[in-house]
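First up is the structure itself, then whatever we jot down about it.
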Amino acid sequence: MHTCAPPSSAMDAWLTVYPGTNGSYGHLLLEESGSRDDSLVGALRPYFESAHLDAREYFHEQMGIELHPDADASVAHATYPGCLDSTTRRGLFGEVMAGLVTEHYQSKYVGEHPWYIPVYLFRFHEDVEQYLFAFARDARRLRATYGRRGSDFLALVLDSDGAVTRFIAGEAKWRAALRKSAVDKLMLDLIDCPDTGDKIPSGKGIWAQLNTDMGVPHGLRQLQRILRDREPDAFSATILSLDKILTAQNPVVVPRTNLVVIVGNDVPSRGGEGHSLIPWKKCPEDYKAPHDLQIVEVILNDGEHLIDAVYDSLWAR
């Protein structure tokens, strides 16, 4: 289970915060402030290990690899998540950042809800499981992996009994250069109209995904499966309430918040300090879903170096 709190002091020193809310819309711009040193990696390490622990134990069991320090070192090359390719690492970093900023900055999100993350859903990365099974047996099978399907991130609001009263479902994206064209591609995925040649949305961008998504994402069922597997007694009320939410017949409806987290490197064309790439004063017109919306932009400098340093450090002691 995910049990590590965000490294609050390190987060406050690392990122400058520009929050804003307007009704059911929230926007949070986070900019890397000043220079960073190795202490940031050390502060982030426990949180990232906690986020990946369930998947690490699950994948290693599927591979037939023991996690004990005295286990056979001949398969050490296949330990999760450090052995994954750079593109997959960057995607995972974005998904963990979605949880990290949601937990740490929840008072600056729309609604100021007390978001809680019981566990991350990384064990449902099907291609990673297939890849690791082969890679543990043949180190020559090194390859990139496909992304995980479904919600990148989920968090809950629980009542005093542990029942779910609201959830947040998130899309997390990493881009090496956060210029406006890259963000527009993510949000709208503009293509050439075959009839007129004009740029039109393809229907595959984030706005389209949010606007057409079912009210209850499949990720909630995946979350429930992990809770049943790992902590059925401790989360009995949560599991029961999810049963009522996930039933196909007369489900209990709970409020939903949609989250989009975009993480990447700064570029000169962004416009400098405090300049966001997605409008913050009012909800973007392309968002049509009925749920609250929270946008987070995380602007880094040389983010690839930080990502590799964090993932190289996990369970390396």
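The values are calculated or read from the model by the stated rules, or taken from the named source; none is laboratory data. Here the structure is a predicted model, which is why all the values come from computation and not from measurement. Backbone-built Cβ (ideal geometry, glycine too); neighbour counts: all protein chains shown. To get the accessible areas, we keep the full protein, side chains included, count just its heavy atoms, and leave off ligands, DNA and RNA. Shrake-Rupley method; radii C 1.70, N 1.55, O 1.52, S 1.80 Å.
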key: Stretch gain in nm, segment Trp315-Val17, where the contour uses 0.36 nm per residue and the Cα spacing is subtracted   = 104.2 nm
Packing-based order for 196-204, 86-94, using average beta carbon neighbours within 10 Å, highest first = 86-94, 196-204
key: Residue list for region 98-134, given a label point 7 angstrom along the Cα-to-Cβ vector of Gln62 and an amide N cut-off under 19 Å   = 119-134
query = Non-local amide H neighbours of Val119 (under 5 Å, H modeled in plane, Pro and chain starts lacking H): which ones?
reply = His2
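Per 0.36 nm of contour for each residue apart, how much would the distance between Ser107 and Ser269 grow if the chain were fully extended, relative to their Cα-Cα spacing?
That pair, Ser107 and Ser269, stretches by 55.3 nm at full extension.
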ask   = Computed FRET efficiency, Cβ-Cβ of Leu240 and Asp302, R0 51 Å: what is it to the nearest 0.05?
value = 0.65
ask   = Which distance in Å, rounded to a whole number, links the C-alpha centroids of region 172-224 and region 79-150?
value = 19 Å
query = Of the residues Asn250, Asn301, Asn258, which exhibits the maximal mean-square fluctuation in a Gaussian network model of the chain defined by a 10 Å Cα contact cut-off?
reply = Asn250
query = Of Leu246, Gly205, Thr145, which is farthest on the positive side of the dipole of region 118-261, counting Cα position, with +1 on Lys and Arg Cβ, -1 on Asp and Glu Cβ, and the Cα centre as origin?
reply = Thr145
request  = Evaluate the charge dipole of the chain about its Cα centre and quote only its size in Debye, nearest 20, assuming +1 on the Cβ of each Lys and Arg and -1 on the Cβ of each Asp and Glu.
outcome  = 580 debye
Solvent-accessible area per residue for the chain (1.4 angstrom probe, square angstrom) = 47 Å²
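One-quarter of the Cα convex hull surface for the chain, in nm²?
Values: hull surface 74.2 nm².
Average projection, Cα convex hull of the chain: 18.6 nm².
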query = At a Förster radius of 51 Å, what calculated FRET efficiency corresponds to the Cβ-Cβ distance of Met1 and Lys199, to the nearest 0.05?
reply = 0.65
note = Listed by chain and number, the residues whose amide H is under 5 Å from that of Ala155, excluding neighbours fewer than 5 places away on the same chain and using placed H, are Ile168
note = With no solvent term and unit scatterers on the alpha-carbon positions of region 72-115, Debye gives log₁₀ I(q)/I(0) at q = 0.26, 0.31, 0.32 Å⁻¹ of -0.86, -1.00, -1.03
